[in-house]
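What follows is a single structure, written as structure tokens, with notes after it.
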Amino acid sequence: MRTIDITGHHGRIMLTENEHDDTTTIDVDPGSHGVVFQPNAIELTADQLWQLGEQIVSWFGAKVLRADDQHKLRERIERVLSENESRCMDDDIDRGVVVSALVRALS
């Protein structure tokens, strides 16, 4: 069972995944933080929303990249491809070497 618990303004959101029966439940708890402007409304800051997205994506074995991370990743890929440009056009063995170099660069 995996759980994501994000506490925002006026309450919290909890996602729980039960791997045994392949279900995911979302609980919205407005809490008792005074007046809530809308019934069951919870406000999340941009950082809290980002954390929620990152954690959901991590359930699927992926990672959310910020803009700087995307640029660094692109630079790594471009560097490896430019260093191995002639190998990319030769044969399958050379292409395999390039793929290995890409995997090392991305690890």
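Coordinate-derived values only; no laboratory data. Since the structure is predicted, the reported quantities are computational estimates derived from the model, not experimental observations. Positions of Cβ are generated from backbone atoms using ideal geometry, with glycine treated the same way; all protein chains shown enter the neighbour counts.
Three principal axis extents of segment 67-106 based on alpha-carbon atoms, in descending order, are 34, 15, 10 Å.
Can you give the net charge of the other residues whose Cβ lies under 13 Å from the Cβ of Asp27, counting K and R as +1 and D and E as -1? The partial results should precede the final answer.
On the way: positive: Arg12; negative: Asp5, Glu17, Asp29.
My count for the surroundings of Asp27 gives -2.
Which net charge results for the neighbourhood of Lys72, defined as the other residues with beta-carbon distances under 12 angstrom from its beta-carbon, given Lys and Arg at +1 and Asp and Glu at -1? Before the final figure, lay out each step's value.
Working: positive: Arg66, Arg74, Arg76, Arg79; negative: Asp68, Asp69, Glu75, Glu78.
Every neighbour counted, the sum reads 0.
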